[in-house]
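A.B. asks: First, the structure itself, so that you have it in front of you.
Values quoted throughout were computed directly from the atomic coordinates according to the rules given, and no laboratory measurement underlies them. All values reported here derive from a predicted model rather than from experimental measurement. Using ideal geometry, Cβ is built from the backbone for each residue, glycine included, and neighbour counts are taken over all protein chains shown.
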Amino acid sequence: MCSAMSELSTDPSSATPEGRSVIHDLGYRPYTGPRLGPAAIARALLVTGFRNAFGLGRSGRSKVLPFILLGLNILPSVIIGGVMVLVGLKELPIGYAQYASTTQVLLGIFVAAQAPVLFSRDLRHGTISLYLARPLPSATYAIARWGALLGATLVFLVSPVVILYAVALLGELDVSDQSRDAAVAAGMAVLLALALAGVAGLIASWSTRRGFAVVATIALLLLGNGIVTAIQAIAGEEHHARVGEVAGLFSPYSLYRGLMAMWADGDIATPPTGVPMQTAYVVVFVGLSAACLGGLVWRYRRVATA
Amino acid sequence: MPTRNPAPLTPPLNPTILRLSRQALLGRRRGLVLVIIPTVLLALAVIVAALTDDAVGYESVLTLGYTLALPLVALLAATAVLGPEVDDGSIVYLISKPVSRHVIALSKFAVAWAATVVFGGLPLLVAGLVLDSGDTRQAVAWGVAGVVAGTAYTALFIALAAFTRHAVVIGLLFALLWEGLLGSLLGGIKWVSIGAWGRGVGHDVSGQLTGPGTGLTYALVAAVLLTVAALWFTGDRLRSFTLRGDE
C-alpha cells in the first residue's frame, strides 16, 4: 500500500505531485502543460477582441452589422476606382485623407456600435470577474480591449485608403506622389483611430446598456462635430478665424480636419494657422487619446477593486 | 335571460405603463443625456446670438438641431422606453399582463413622444427665438417641423426597437446616412425622408423655412401614415413576441 502510494506520487501527472499536499485528493489528473503568463493572456484577449469587433467567433447575426458598415465604407472607394478606370482620370477625385472625413458618419456609427461589444458585455454580465481572476492586471485587460477596438477602427479607416492606393498605382499615377499622400493619410488614420477608440471605449465602459452607449457616443462625436462646424462656419463668415481655430480643438473630427488642412490638401472653413496653433492641434489630438486610455485603465481598476 | 354586459371600454393608455416608462426614460444617466442634448443646442444658440449681430448663424444652428439633435433625442427616448426591457427579457413580465399589446405600444409611444417634443421640438422653437426674436413666425415654423418630424421619428424608432436588437444602429443609419448624407446627394430621398416631411409642414407656416417641395398634403399624410403604421406594427410585434438570447 505504502509503496504503491510513493510510486504514484513520482508520476508528474498524478493528482498530488511529490512534495505538495492537498486537502482532498480526488485522483483527477491535473494540468501539467506549460503555463503561459499574463502576456499570453493579453495577446489572446487582443486577438479575440479584434475578431469579436467584426463578429468573427460570434453568432452569424452579429456579423451582419459590422460587415454591412465596412461594406458601405468601402463601397465609395470601389466606385471611385471603377470610374477612374473607365473614364481614365489622371488623378484621384478624392484625397486619401479626405475620404475618412467624408465617411465620418459611418465611421462614428461603426466605432459607437462595436465599442459596447468589447467593453459593455463583460461588465453587464459580470464576466469581468472571471477575466480578473486570472493572473491578469485590470490595466492589461483595459489596454487589450482598447487595442482590439483600435485595430478594428484602423482596419475600417485604412482599407479604403489601400483600395484607392491600389487603383492609383494600377492606373499608373505618379508612384512617389501617391505613396506620400497615402502614407500621410495612414498616419492621420492612426491618430483618428486612437482618439475614436479612446472616446467610444470610455463611454461604453461607463454605460452597460448597449443602446445607450451607442447614442451617447454618437451624440458626443457627431453633435460635437456639428456644433464645431457651425461655429467654424459662422466664425469664417464673421472674419474671426481664430475663434473657429480654437473651436476646432473640441471634437476629434474637427481636429482631424485641421490636420488634413495642414498635412494634406483639404479645404475647410478655418484651417489652423501659425506654428503654436498647429502644435496645439497635434498635442490635443494625442492628449485626448492618452486621457481616454488613462480613464479606461482607471475605470477597470475601480471595477477590479469594487 | 340575463343581459350581457357590454365589454368595458379599455382606455388607449395605461397609467401604470406610462409611469414605468417615464421612470425608465428619466433614470439617471439616460435622462441626463436627454437633457444635455437640448441644453448644448440652446447654449450654442445663446453664444451665437451674443457674438453676432443679425441672424447670421440662424440657419446653421437650427439645421444642426433639426437634423442631428432631434433624431438623436427621438432615438434615445424611443429605445429607452422599450429597448432595455427587450434586451434583458423583462418585457415578458409586461406582456404577460392582461393588457392589450397595442395599448402597451401606445402608452410607451406617448411617453417617448412627450420627451421628444419637450427635449427635441421645443428647443428648436426656443433656439429660433433666441437667435432672432423679431421673427416669431419662423421660430414657430421650426418648432412645428420639429414636432411633426419628432412624432414620426419616435414612432419609427419604437417600431424598430420592437423589431430588432440593433434598433439604435439602424435608426442612426436611417437618420444620419439615409436622410443626412444620401439625402443631400439624391434629391428623390425627400419623398421618403421624415426630416423632409417635417420641413414641408414647417414651410407652410413660414416661407423662411425652405421646404423640400413635396407639398403640405403629401408631407402630412406621409407623416401620419408612417406614425400609425409604425405604432400598429409595434403592437403587432409585441403580440407575437419571441425572446432571443444575447448574441
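A.B. asks: Going by how many other beta carbons lie within 10 Å of each one, how would you line up B:V61, B:V56, B:V148, fewest first?
C.D. replies: B:V56, B:V148, B:V61
A.B. asks: Shape call for the range B:15-239 from the C-alpha gyration tensor, a ≥ b ≥ c root eigenvalues: rounded (a/c under 1.5), prolate (a/b greater than b/c) or oblate?
C.D. replies: prolate
A.B. asks: Now for a different question. When Cβ neighbours within 10 Å are restricted to other protein chains, what is their mean count per residue of peptide A:213-226? Kindly include the intermediate steps, with their values, before the conclusion.
C.D. replies: Numbers: counts 2, 9, 15, 8, 0, 10, 11, 2, 0, 7, 10, 1, 2, 10.
Per-residue shielding by partner chains comes out at 6.
A.B. asks: While we're looking at this one, here's another question. Modelling each spin label as a point 7 Å along the Cα-to-Cβ direction, I'd like the A:L36/B:E59 distance in nm, to one decimal.
C.D. replies: According to this spin-label approximation, the distance is 5.9 nm.
A.B. asks: Moving on. Sort B:200-209, A:168-177 by packing, meaning the average of other beta carbons within 10 Å per residue, with the highest value first.
C.D. replies: Highest to lowest by the protection proxy: B:200-209, A:168-177.
A.B. asks: Which lysines does B:K108 reach when only Cα atoms under 19 Å apart count, and residues fewer than 8 places away in its own chain are ignored?
C.D. replies: Excluding near neighbours in sequence, the set is B:K97.
A.B. asks: Here's something else I'd like to know. Compute the distance in nm between two label points, each set 7 Å from the Cα along the Cα-to-Cβ direction, one at B:L13 and one at A:T279.
C.D. replies: Simple spin-label model gives 6.0 nm for this pair.
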